[in-house]
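A.B. asks: Quick one: the structure is below, and I'll ask about it shortly.
The values are calculated or read from the model by the stated rules, or taken from the named source; none is laboratory data. What you see is a predicted model, and the numbers here were worked out from it, not measured in a lab. In this analysis, Cβ positions are derived from the backbone assuming ideal geometry, glycine residues included, and neighbour counts consider all displayed protein chains. Ligands, DNA and RNA are stripped out before the accessible areas are found, and what is left, the full protein with its side chains, is counted by its heavy atoms. Shrake-Rupley method; radii C 1.70, N 1.55, O 1.52, S 1.80 Å.
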Amino acid sequence: MDDKASVGKISVSSDSVSTLNSEDFVLISRQGDETPSTNNGSDDEKTGLKIIGNGSEQQLRKELEDVLMDPPVEDPSNDREHEEEEEEEEESSPDAEGDEPVLLEASASSTINPVSVSGPQKPDMSLPVKPAQGDSEDSSPFTPVADEDSVVFSKLTYLGCASVNAPRSEVEALKMMAILRSQCQISVDVTLSVPNVSEGTVRLLDPPTNTEIANYPIYKILFCVRGHDGTPESDCFAFTESHYNSELFRIHVFRCEIQEAVSRILYSFATAFRRSAKQTPLAAPAAPQTPDSDIFTFSVSLEIKEDDGKGYFSAVPKDKDRQCFKLRQGIDKKIVIYVQQTTNKELAIERCFGLLLSPGKDVQSGDMHLLDLESMGKSSDGKSYVITGSWNTKSPHFQIVNEETPKDKVLFLTTAVDLVITEVQEPVRFLLESKVRVCPPNERLFWPFSKRSSTENFFLKLKQIKQKDRKNSTDTLYEVVCLESESERERRKTTASPALRLPQSGSQGSMIPSPPEDDEEEDNDEPLLSGSGDVSKECAEKILETWGDLLSKWHLNLSVRPKTLPTLVRSGVPEALRGEVWQLLAGCHNNDHLVEKYRILITKESPQDSAITRDINRTFPAHDYFKDTGGDGQDSLYKICKAYSVYDEEIGYCQGQSFLAAVLLLHMPEEQAFSVLVKIMFDYGLRELFKQNFEDLHCKFYQLERLMQEYIPDLYSHFLDISLEAHMYASQWFLTLFTAKFPLYMVFHIIDLLLCEGISVIFNVALALLKTTKDDLLLTDFEGALKFFRVQLPKRYRSEENAKKLMELACSMKISQKKLKKYEREYHTMREQQAQQEDPIERFERENRRLQEANMRLEQENDDLAHELVTSKIALRKDLDNVRDEKRLATLAEEKADALNKELLMTKQKLIDAEDEKRRLEEESAQLKEMCRRELDKAESEIKKNSSIIGDYKQICSQLSERLEKQQVANKAEIEKIRQKVDDCERCREFFNKEGRVKAASIVREGSEEETDEEKEALKNQLREMELELAQTKLQLVEAECKIQDLEHDLGQALNEVQASRKTWFNRTLSSIKTVTGVQGKETC
């Protein structure tokens, strides 16, 4: 069967689990904030029933004197010893030290102030790693988890943690879950280990290495919640824990890859939230210390676990009638042994030498078979030594315990564990014999919420070895004299065997493992304490599936009850579903207005505060959740009673309401418990019993007596003979709905029927009680009958079987509403006749007394209202002053706001102007860019043109220079040639000297006048042409330089304009242009 089939059908709206610190757990659909309160009352006032607001206190105290009996007075010495033990435990508790956790990722900004939270907080994606205090070096936070009775869940993602203000508020938890779910950026894959006992620790493991990342003790975890179906958080769950020595509360959020596993995880937390079963009562005397220092007492427990088909091993249940383990055929199993020393000096268990198992009883050592050991070592709390072994039931040696056992038979199973104790010379063997029955493999019970074990006490007598007999100083100190179990000792006593008498020390002091669940208290004259009895959370799978189908259909139309509902309720609502079913039966599925009303009511003062405080300590003193003064149970109970006393001013708080509120608190959070209490009081007519001088209550007594006269006439006649009236024994039945004295299993079933069928169910249960005890009551006198109702009657139904038979008888009795109406009319007619026959003076005196009481009550109310009025006026005056101050501040704020608005308008206008100026400058800049671009293009073209001209000029100059040089060379050659000719010519030598000058002009002029003139003229013409070309070239060069200067001037003006507009990019552009232009100009030059 998968999780969806077995768990998902149970409840559509069961979304969270709240810690009760008891064997019970709560499944709820909505959770609000809790406001802490303080109980300041004392218990030294006289016990009595006090109805505040209506009725005669004296009359009701006389009639209902035993409704609330004080619990038996405890031995002061035992109380002192118990307190000292508790103080020692608190001093040695790991929580007493305020160790701060180490954060893998620190995020200071995401930590939420636990005092004031104004809105959604940013979650903290930090994973706290908190080392367990008191652990040895081998169990550091980063080592594999030690062997522990736990359930391991894989495929989980850690989304982060954040601080919360209300650790048990489902609204805040769901809000933080949604925030972490949506804002998670870094997720961590983890494996979650949830213990099956309240002394364990929830651990986060690293999946690849199985090393521990963080751990959270169960006593620090306050609340567990899952996301609602149909939301993105439906695959998420979270738990809150007290952090930094309970001064800060944090929520840790996880996401499951398999959505159906969320329900299984929630039930595992519910299992861990319970306390160890059958704690030693406060009034139990402390175990006497043994006078023999050589006797050591050990408590040894056996637990059998079976494979549940999902990779885990769960503890098998025990048959309550036969006190035997219920095993399933062909399923792999584990044997777990818990060994705890309870008296004398502690001996150190070194290791387990062997774990042996064999079918049968009185088995010889050679017939036992050795099991494979899986683990051994100290438990998480350090009190017990735990040994776990693997049991293969398919082995031929265990064939007899692997076959289905007939219904009328049981089998015996013998388990032996050999321990090596450091101080003892030889191994010590503890032998356990237990009964078992083998069931078919398909006969599977629902998840076993409570641990089932078989416990035996052993008395080990040791003899100290003399110093001279020891081999060395570190050798063993003791040798075994004898080992005897408590059952062997009892058998020896019954047979008067003259064996060694060992003191029975430690037989009551074992806390772990727990004793058998069905041990009944001794019959004595003390009444049964309220809140007694264990309620089994086991239920057949078929019944749970039936309820799951019914709830699924019911949630589709909550206004109409399913037709099969009454039949199922008569058989009893499964304990795991009672919280949800009770709310649906009472019509509290849409009770948001009552929840909000409750949160307001708990902040107000109640005129019955002292009476409420006094009664809280007397309510369910036998139940773990309510027995601690100032604990969570008493605190929630106080707030519910106070809230109702303020809510219902006409009735106020009535002694006995606390029992009904306590029953509701065991199944739902206080907000929902208050809502159901209001529905029972108003819609079911319970408050009518307290009105009009309890007139309706006396009518119920008359109806009960008439029903007795019809159904049990002989008992009715006997009560008439001994003058026993109904109000003497049935008052608490009606006023507390049987919750004050009877065991819880019976009480819960009565509330099932009451919410389904109405308050008339009380008559059915009352007649069933009287009918089943008729034979005993017929033998009693007046005093004996009262004692029987007060003491013996509730004790008869400590057995769940007896309570079932009683409720079956009550459901089978048919009492019509028509008959009850008839008896009611008879009662009123009788009362009218009595009023008419009564002496008018007595009637008037009684009426006068009633009016005086009413007058005193009204005067008191008037005084209270006057005081309230004065207080309200003072508060109103303060509020008016505050309003004036606020108005003045508002006026100043408005003026300041106007000034700021004006300044804002001016700033806006300036911004608009600046934007316009910006646009204008951008347009001018664009135009300037365009102009500069054109000028730049023009300048580039001119530069190219000038460059070409300069290149041509250079080329021409170069050509002319070459021509000139050639011409000069030619001229020199010609001159030299002419000079040579002149030198050669004798006649010419006469006219020219060696330098070529003419000696006599007349001579030259005569000889070659005509030839010289022609040559000179030719040279002059040629020289003029060259000078002309040179002049033209220089002129062009000058013109080019002028143009370049003009361009530089234009560029300078443009640069100035650009600098004026403060455009840096354009400045750089122009600078680059200027640089290029300057370089080109220099090259041109």
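One line per residue, one yes/no per condition, for (1) open to solvent by 10 Å² or more (accessible area, probe 1.4 Å); (2) among the aliphatic types (A, V, I, L, M); (3) modelled with pLDDT under 85:
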site	(1), (2), (3)
ALA287	yes, yes, yes
SER299	no, no, no
LEU302	no, yes, no
GLY309	yes, no, yes
ASP321	yes, no, yes
ASP332	yes, no, no
GLN341	yes, no, no
GLY354	no, no, no
LEU370	yes, yes, no
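A.B. asks: Kindly indicate whether ARG850 is open to solvent by 100 Å² or more (accessible area, probe 1.4 Å) and touching a residue at least 24 places away in the same chain (Cβ under 8 Å).
C.D. replies: Values: open to solvent by 100 Å² or more (accessible area, probe 1.4 Å): yes; touching a residue at least 24 places away in the same chain (Cβ under 8 Å): yes.
Considered against the rule, which asks whether it is open to solvent by 100 Å² or more (accessible area, probe 1.4 Å) and touching a residue at least 24 places away in the same chain (Cβ under 8 Å), ARG850 comes out as yes.
A.B. asks: If you don't mind, another one. Looking only at residues that are among the acidic types (Asp, Glu) and surrounded by 11 or more Cβ atoms within 10 Å (Cβ to Cβ) in the stretch 819-846, which one is farthest from LEU707 (Cα to Cα)? Walk me through how you get there before you give the answer.
C.D. replies: Restricting attention to the stretch 819-846, the residues satisfying the condition of being among the acidic types (Asp, Glu) are 824, 826, 832, 838-839, 842, 845.
Keeping just the survivors that are surrounded by 11 or more Cβ atoms within 10 Å (Cβ to Cβ) gives 824, 826, 838, 845.
Values: GLU824: 12, GLU826: 13, GLU838: 27, GLU845: 34 Å.
Result: GLU845.
A.B. asks: When you check GLU940 against the structure, is it farther than 26 Å from GLN1022 by Cβ and open to solvent by 80 Å² or more (accessible area, probe 1.4 Å), yes or no? Step through it out loud before you land on a result.
C.D. replies: Details: farther than 26 Å from GLN1022 by Cβ: yes; open to solvent by 80 Å² or more (accessible area, probe 1.4 Å): yes.
So GLU940 passes the test.
A.B. asks: Kindly list, by first and then second residue, each pair from a residue in the stretch 661-682 that is free of Cβ contacts under 8 Å to residues at least 60 places away in the same chain to a residue that is among the aromatic types (Phe, Trp, Tyr) and open to solvent by less than 10 Å² (accessible area, probe 1.4 Å), limited to pairs with Cβ atoms under 7 Å and residues at least 6 apart or on different chains.
C.D. replies: LEU677/TYR644
A.B. asks: OK, next. Count, please, the residues in the stretch 641-673 that happen to be open to solvent by less than 20 Å² (accessible area, probe 1.4 Å) and in a loop (DSSP other than H, G, I, E, B). Write out each step before concluding.
C.D. replies: Of the residues in the stretch 641-673, the ones open to solvent by less than 20 Å² (accessible area, probe 1.4 Å) are 641-645, 648, 651-673.
Next, only the ones that are in a loop (DSSP other than H, G, I, E, B) stay: 648, 651-653, 655-656, 666-669.
Residues in the stretch 641-673 being open to solvent by less than 20 Å² (accessible area, probe 1.4 Å) and in a loop (DSSP other than H, G, I, E, B): 10 in total.
A.B. asks: Among the listed residues LEU720, LEU753, LEU697, which satisfies the condition of being out of contact with any Asp or Glu (no Cβ under 8 Å at 6 or more places or on another chain) and surrounded by fewer than 18 Cβ atoms within 10 Å (Cβ to Cβ)? Reasoning before the result, please.
C.D. replies: Values: LEU753 fails: surrounded by fewer than 18 Cβ atoms within 10 Å (Cβ to Cβ); LEU697 fails: surrounded by fewer than 18 Cβ atoms within 10 Å (Cβ to Cβ).
Result: LEU720 is the single residue among LEU720, LEU753, LEU697 that is out of contact with any Asp or Glu (no Cβ under 8 Å at 6 or more places or on another chain) and surrounded by fewer than 18 Cβ atoms within 10 Å (Cβ to Cβ).
A.B. asks: Could you figure out which of (1) out of contact with any helix residue (DSSP H, G or I) (no Cβ under 7 Å at 6 or more places or on another chain); (2) surrounded by fewer than 22 Cβ atoms within 10 Å (Cβ to Cβ) isn't true of PHE789?
C.D. replies: The number of the failed condition is (2).
A.B. asks: Right, here's the next one. Tally the residues that are surrounded by fewer than 20 Cβ atoms within 10 Å (Cβ to Cβ) and touching a residue at least 24 places away in the same chain (Cβ under 8 Å), restricting the search to the stretch 806-818.
C.D. replies: Filtering the stretch 806-818 for residues surrounded by fewer than 20 Cβ atoms within 10 Å (Cβ to Cβ) gives 808-809, 812-818.
Next, from what is left, pick out any that are touching a residue at least 24 places away in the same chain (Cβ under 8 Å): 809, 813, 815, 817.
Going through the stretch 806-818 one residue at a time, the tally reaches 4.
A.B. asks: Could we say that ALA740 is open to solvent by less than 10 Å² (accessible area, probe 1.4 Å), under 20 Å from TRP582 (Cβ atoms) and at pLDDT below 90 here? Quick ask: steps written out before the conclusion?
C.D. replies: Details: open to solvent by less than 10 Å² (accessible area, probe 1.4 Å): yes; under 20 Å from TRP582 (Cβ atoms): yes; at pLDDT below 90: yes.
Taking the combined requirement at face value, the residue satisfies it.
A.B. asks: Please work out which one of (1) small (Gly, Ala, Ser); (2) farther than 30 Å from LEU347 by Cβ; (3) at pLDDT below 75 is the condition SER293 fails and give its number.
C.D. replies: Condition not satisfied by SER293: (2).
A.B. asks: Tally up the residues in the stretch 390-428 that are within 30 Å of TYR478 (Cβ to Cβ) and at pLDDT below 85, please. Full working, then the answer.
C.D. replies: Of the stretch 390-428, the ones within 30 Å of TYR478 (Cβ to Cβ) are 414-428.
Filter again for at pLDDT below 85, leaving 422-423, 425-426.
The total comes to 4.
A.B. asks: SER358: buried (at least 20 other Cβ atoms within 10 Å of the Cβ), outside any strand (DSSP E or B) and on the phi < 0 side of the Ramachandran plot, yes or no?
C.D. replies: Judged against the criteria, SER358 is not a match.
A.B. asks: Please count how many residues of the stretch 164-186 are of a type in the set (A, V, I, L, M), open to solvent by 10 Å² or more (accessible area, probe 1.4 Å) and touching a strand residue (DSSP E or B) at 6+ places or on another chain (Cβ under 7 Å). Talk me through it step by step, then tell me what you get.
C.D. replies: As a first pass, look at the stretch 164-186 and keep what is of a type in the set (A, V, I, L, M): 164, 166, 171, 173-174, 176-180, 186.
Narrowing the set further to residues that are open to solvent by 10 Å² or more (accessible area, probe 1.4 Å) leaves 166, 171, 174, 178-179, 186.
Subset that is touching a strand residue (DSSP E or B) at 6+ places or on another chain (Cβ under 7 Å): 174.
Within the stretch 164-186, residues that are of a type in the set (A, V, I, L, M), open to solvent by 10 Å² or more (accessible area, probe 1.4 Å) and touching a strand residue (DSSP E or B) at 6+ places or on another chain (Cβ under 7 Å) number 1.
A.B. asks: In the stretch 761-777, how many are open to solvent by 60 Å² or more (accessible area, probe 1.4 Å) and assigned to a loop (DSSP other than H, G, I, E, B)?
C.D. replies: Applying the first criterion (open to solvent by 60 Å² or more (accessible area, probe 1.4 Å)) to the stretch 761-777 yields 771-772, 775.
If we keep only those that are assigned to a loop (DSSP other than H, G, I, E, B) as well, we get none.
Residues flagged as open to solvent by 60 Å² or more (accessible area, probe 1.4 Å) and assigned to a loop (DSSP other than H, G, I, E, B) within the stretch 761-777 amount to 0.
A.B. asks: Take the conditions of a type in the set (Ser, Thr, Tyr), touching a residue at least 12 places away in the same chain (Cβ under 8 Å), outside any strand (DSSP E or B) and on the phi < 0 side of the Ramachandran plot and apply them to THR393. Does it pass?
C.D. replies: Values: of a type in the set (Ser, Thr, Tyr): yes; touching a residue at least 12 places away in the same chain (Cβ under 8 Å): yes; outside any strand (DSSP E or B): yes; on the phi < 0 side of the Ramachandran plot: yes.
It is true that THR393 is of a type in the set (Ser, Thr, Tyr), touching a residue at least 12 places away in the same chain (Cβ under 8 Å), outside any strand (DSSP E or B) and on the phi < 0 side of the Ramachandran plot.
A.B. asks: Also, I was wondering about something else. Exactly one condition in (1) at pLDDT 85 or above; (2) open to solvent by less than 40 Å² (accessible area, probe 1.4 Å); (3) in a loop (DSSP other than H, G, I, E, B) is not met by LEU550; state its number.
C.D. replies: Going through (1) at pLDDT 85 or above; (2) open to solvent by less than 40 Å² (accessible area, probe 1.4 Å); (3) in a loop (DSSP other than H, G, I, E, B) one by one, LEU550 breaks only (3).
A.B. asks: Take the residues of the stretch 553-563 that are in a loop (DSSP other than H, G, I, E, B) and among the aliphatic types (A, V, I, L, M): which is farthest from ASN590 (Cα to Cα)?
C.D. replies: Of the residues in the stretch 553-563, the ones in a loop (DSSP other than H, G, I, E, B) are 557-563.
Next, only the ones that are among the aliphatic types (A, V, I, L, M) stay: 558, 560.
On the way: LEU558: 10, VAL560: 14 Å.
Out of the qualifying residues, it is VAL560.
A.B. asks: Using the structure shown, decide if ALA272 is in a helix (DSSP H, G or I), at pLDDT below 85, farther than 30 Å from VAL480 by Cα and among the aliphatic types (A, V, I, L, M).
C.D. replies: Values: in a helix (DSSP H, G or I): yes; at pLDDT below 85: yes; farther than 30 Å from VAL480 by Cα: yes; among the aliphatic types (A, V, I, L, M): yes.
So ALA272 passes the test.
A.B. asks: Do we find that THR231 is within 19 Å of VAL190 (Cβ to Cβ) and either modelled with pLDDT of 75 or more or under 17 Å from the mean Cα position of the chain (by Cα) (or both) in this structure? Full working, then the answer.
C.D. replies: Numbers: within 19 Å of VAL190 (Cβ to Cβ): no; either modelled with pLDDT of 75 or more or under 17 Å from the mean Cα position of the chain (by Cα) (or both): yes.
So THR231 does not fit the description; no.
A.B. asks: From MET856, MET830, which residue is at pLDDT 85 or above and assigned to a helix (DSSP H, G or I)? Before you say what the answer is, go through the steps one by one.
C.D. replies: Values: MET856 fails: at pLDDT 85 or above.
Of MET856, MET830, the one residue that is at pLDDT 85 or above and assigned to a helix (DSSP H, G or I) is MET830.
A.B. asks: Among (1) among the hydrophobic types (A, V, I, L, M, F, W, C); (2) open to solvent by 100 Å² or more (accessible area, probe 1.4 Å); (3) within 30 Å of ASP1050 (Cα to Cα), where does LEU928 come up short?
C.D. replies: Condition not satisfied by LEU928: (2).
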